[in-house]
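**Student:** Sending over a structure as structure tokens; questions will come in a sec.
The values are calculated or read from the model by the stated rules, or taken from the named source; none is laboratory data. Since the model is a prediction, treat every value here as computed from it, not as a measurement. In this analysis, Cβ positions are derived from the backbone assuming ideal geometry, glycine residues included, and neighbour counts consider all displayed protein chains. Remember, those area values only see protein heavy atoms, side chains included, never the ligands or the DNA or RNA. Shrake-Rupley method; radii C 1.70, N 1.55, O 1.52, S 1.80 Å.
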Amino acid sequence: EDRGVITYRKHWAVLLQAIALPTGCLIAMILLLGLHLAGVLNWLPATSASLAFGGAALGAALWWAYRYVDWANDIYQITDEQIIDVYKKPLGREQRKVAPLENILGTEVDRKGLLGILLNYGNVVANVGTEQFTFEGVFDPVMVQQDIVHAQETLMQRRAEGERAKRQEEMVELFDIYHDQYSPKQIDGEN
């Protein structure tokens, strides 16, 4: 939380799922390159095998970095007035969805599978009219849902207090007008 804005990221288990294949490829390429340099795979030409395994390892490392940045770029925020869903691809487009808190009709929590239950992560879906905002793979989705509801309640309370203060000011103005119109000095002066 920073200056009233709560920011959520996807759970680290989602990251592990995203980088599992690139990590496996990277480890395999490094092992093959190491075996080749150690002379175990001597049936391959030295320079072409080194270039092939090294290039494949570099490609797997870049793939791994891309998946990590893709995971890190997706954020979900709750401000004092709205929810924000930022979905950004590395080196690509950014999709930003914003909805006012007062337009949220309801929220749902969805934990998928045994891993989601054990590691306490899942999706929080906020229904905004006909559209849905999905905070995907967030840690402690029940708490995220409660944060959304709390932000809605705080907004409604702030607005109600503002309306109450406005009505109070109007009443003070009316009393001032009444006092100016019907003060005893004016009544005595007219007689």
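**Student:** Within the stretch 37-51, can you find the residues that are at pLDDT below 75 and not in a helix (DSSP H, G or I)?
**Tutor:** Answer for the stretch 37-51, where residues must be at pLDDT below 75 and not in a helix (DSSP H, G or I): LEU41, ASN42, TRP43, LEU44, PRO45.
**Student:** Would you confirm, using the coordinates I've provided, whether LEU21 is part of a helix (DSSP H, G or I), open to solvent by 40 Å² or more (accessible area, probe 1.4 Å), over 20 Å from LYS97 (Cβ atoms) and at pLDDT below 90?
**Tutor:** No, not satisfied.
**Student:** Quick one: in the stretch 100-130, which of the residues that are in contact with an Asp or Glu (Cβ under 9 Å, 6 or more places away or on another chain) and more than 17 Å from ALA13 (Cα to Cα) is most open to solvent (accessible area, probe 1.4 Å)? Give the steps one after another, and end with the answer.
**Tutor:** Of the stretch 100-130, the ones in contact with an Asp or Glu (Cβ under 9 Å, 6 or more places away or on another chain) are 100-102, 116, 120-127.
Among the residues that remain, those that are also more than 17 Å from ALA13 (Cα to Cα) are: 100-102, 125-127.
On the way: PRO100: 48, LEU101: 0, GLU102: 74, VAL125: 20, ALA126: 2, ASN127: 34 Å².
By that ranking, first place goes to GLU102.
**Student:** Quick one: would you say GLU153 is among the charged types (D, E, K, R), assigned to a helix (DSSP H, G or I), open to solvent by 50 Å² or more (accessible area, probe 1.4 Å) and more than 27 Å from TYR76 (Cα to Cα)? So that I can check it myself, show each step before the final result.
**Tutor:** Details: among the charged types (D, E, K, R): yes; assigned to a helix (DSSP H, G or I): yes; open to solvent by 50 Å² or more (accessible area, probe 1.4 Å): yes; more than 27 Å from TYR76 (Cα to Cα): no.
Against the criterion (among the charged types (D, E, K, R), assigned to a helix (DSSP H, G or I), open to solvent by 50 Å² or more (accessible area, probe 1.4 Å) and more than 27 Å from TYR76 (Cα to Cα)), GLU153 does not qualify.
**Student:** Turning to a different aspect of this structure: If I filter the stretch 131-150 down to residues being closer than 18 Å to GLU1 by Cα and of a type in the set (Phe, Trp, Tyr), which single residue comes out as surrounded by the most Cβ atoms within 10 Å (Cβ to Cβ)?
**Tutor:** Of the residues in the stretch 131-150, the ones closer than 18 Å to GLU1 by Cα are 135, 138-150.
With the extra rule that they be of a type in the set (Phe, Trp, Tyr), the set shrinks to 135, 139.
Numbers: PHE135: 26, PHE139: 17.
Restricting to residues being closer than 18 Å to GLU1 by Cα and of a type in the set (Phe, Trp, Tyr), the top hit is PHE135.
**Student:** Kindly establish whether GLY54 is open to solvent by less than 70 Å² (accessible area, probe 1.4 Å), in a loop (DSSP other than H, G, I, E, B) and on the phi < 0 side of the Ramachandran plot. Can you show your working first?
**Tutor:** Values: open to solvent by less than 70 Å² (accessible area, probe 1.4 Å): yes; in a loop (DSSP other than H, G, I, E, B): no; on the phi < 0 side of the Ramachandran plot: yes.
Criteria not met by GLY54.
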